[in-house]
1. Pro60 passes all but one of (1) at negative phi; (2) touching a residue at least 12 places away in the same chain (Cβ under 8 Å); which number fails?
2. Asp217 is checked against (1) over 17 Å from the mean Cα position of the chain (by Cα); (2) under 26 Å from Gln135 (Cα atoms); (3) acidic (Asp, Glu) and fails just one. What number does that condition carry?
3. Scan (1) modelled with pLDDT of 85 or more; (2) of a type in the set (A, V, I, L, M); (3) over 22 Å from the mean Cα position of the chain (by Cα) for the single condition Ile11 breaks and write down its number.
4. With respect to the numbered conditions (1) out of contact with any Lys or Arg (no Cβ under 8 Å at 6 or more places or on another chain); (2) open to solvent by less than 10 Å² (accessible area, probe 1.4 Å), which one is the sole condition not fulfilled by His150?
5. From the set of residues in the range 55-80 that are in a loop (DSSP other than H, G, I, E, B) and either among the polar types (S, T, N, Q) or open to solvent by 10 Å² or more (accessible area, probe 1.4 Å) (or both), which is nearest to Ser157 (Cα to Cα)?
6. All but one of (1) modelled with pLDDT under 95; (2) within 26 Å of the chain's Cα centre (by Cα) hold for Lys306, so report the exception by its number.
7. Can you report the number of residues in the range 203-226 which are within 21 Å of Gly259 (Cβ to Cβ) and either outside any loop (DSSP other than H, G, I, E, B) or of a type in the set (Gly, Ala, Ser) (or both)?
8. Every residue in the range 280-308 that is part of a loop (DSSP other than H, G, I, E, B) and either hydrophobic (A, V, I, L, M, F, W, C) or under 12 Å from Asn260 (Cβ atoms) (or both), please.
Amino acid sequence: MASSRCELLVICVLSLFFVLAHSKTLKRDVKALNEIKASLGWRVVYSWVGDDPCGDGGLPPWSGVTCSTQGDYRVVTELEVYAVSIVGPFPIAVTNLLDLTRLDLHNNKLTGPIPPLIGRLKRLKVLNLRWNKLQDVIPPEIGELKRLTHLYLSFNSFKGEIPKELAALPELRYLYLQENRLIGRIPAELGTLQNLRHLDVGNNHLVGTIRELIRFDGSFPSLRNLYLNNNYLSGGMPAQLSNLTSLEIVYLSYNKLIGNIPFAIAHIPKLTFLYLDHNQFSGRIPDAFYKHPFLKEMYIEGNMFKQGANPIGTHIVLEVSDSDFVV
């Protein structure tokens, strides 16, 4: 009996290798990758050898290209070409790779807009375009990518408003929009994202109030990290912010916020970092903040607090590494 099972297992493995060896890459994907190859320049194509991006004969798949088998064909499911100084417009042929689950072109020198056709990539889970020179508005068609979990658009030159359509991404967990030229108000509709853990819109030209952002009942139920720093937000810190009970980091530095710090904020259970510096806050800081079991750092410089208000911990600019969000 054991011998028969071993023989069956060997047959299955050999059959799988046979299928993989004889599967052809979908012509649509071959055409798209060759168009991308032509547009990206020598910094990439020196390692893209052969006619088939998924590998052919003795040649391996192209560097940064991951394929999988679907029926009798292979399709491209991941494209990762980053930190190779690609110069030029966003390669529109990418939008023909309809089976992509991950697109990572970060830390290059891509220019121009993201094409609206990006909405065709319905299987995309990770879109990483940060650290480029992309411009124009963030296309609302990104809101059509219903499986998206990670969206990195930071450190570009996007302008215009944050599209409300991003609130139509039910699986979104991480949203990075910092270091752009975005204007207007942060859409309160983002608060309806049930799985959103990290929201960073720092270093833009955004206006409005925190109260407007959390005006919906049950806003941001899973949010852990809220980065609103270096904008033009006004008004006070509403006590309702304490309803976001999953918060760990609240980063409000360098805005135009005013008023007292509500006692209720000190009862956010896992609050660890609270950055209030360089605003126009006033009054006293409730003693409960100094007794909070998790609060490691509260930075208050550059406000109008009454004498006796003291910071907690030593100010450190928080940075997040890629390894924190491996999927």
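1. Going through (1) at negative phi; (2) touching a residue at least 12 places away in the same chain (Cβ under 8 Å) one by one, Pro60 breaks only (2).
2. Tallying (1) over 17 Å from the mean Cα position of the chain (by Cα); (2) under 26 Å from Gln135 (Cα atoms); (3) acidic (Asp, Glu), Asp217 fails exactly one: (2).
3. Going through (1) modelled with pLDDT of 85 or more; (2) of a type in the set (A, V, I, L, M); (3) over 22 Å from the mean Cα position of the chain (by Cα) one by one, Ile11 breaks only (1).
4. So the condition that His150 fails would be (1).
5. The first filter runs over the range 55-80 and keeps only residues in a loop (DSSP other than H, G, I, E, B), leaving 55, 57-58, 60-64, 71-72.
Those still in the list that are either among the polar types (S, T, N, Q) or open to solvent by 10 Å² or more (accessible area, probe 1.4 Å) (or both) too: 57-58, 60-61, 63-64, 71-72.
Details: Gly57: 43, Gly58: 43, Pro60: 36, Pro61: 33, Ser63: 28, Gly64: 26, Gly71: 42, Asp72: 42 Å.
Selected residue: Gly64.
6. (2)
7. So the first thing to find is which residues in the range 203-226 are within 21 Å of Gly259 (Cβ to Cβ), and the list is 206-215, 219, 226.
Restricting the remaining residues to those that are either outside any loop (DSSP other than H, G, I, E, B) or of a type in the set (Gly, Ala, Ser) (or both) gives 206-213, 219, 226.
Residues that pass the stated criteria total 10.
8. Initial filter on the range 280-308 (part of a loop (DSSP other than H, G, I, E, B)): 284-286, 292-296, 300-303, 306-308.
Once the filter is applied, which keeps residues that are part of a loop (DSSP other than H, G, I, E, B) and either hydrophobic (A, V, I, L, M, F, W, C) or under 12 Å from Asn260 (Cβ atoms) (or both), the range 280-308 yields Arg284, Ile285, Pro286, Phe294, Leu295, Ile300, Asn303, Lys306.
The values are calculated or read from the model by the stated rules, or taken from the named source; none is laboratory data. Worth saying up front: this structure is predicted, and the values here are computed from it rather than measured. When we count neighbours, we look across all protein chains shown, and the Cβ atoms used for this are built from the backbone with ideal geometry, even at glycine. Heads up: the accessible areas ignore ligands, DNA and RNA and are worked out on the full protein's heavy atoms, side chains in. Shrake-Rupley method; radii C 1.70, N 1.55, O 1.52, S 1.80 Å.
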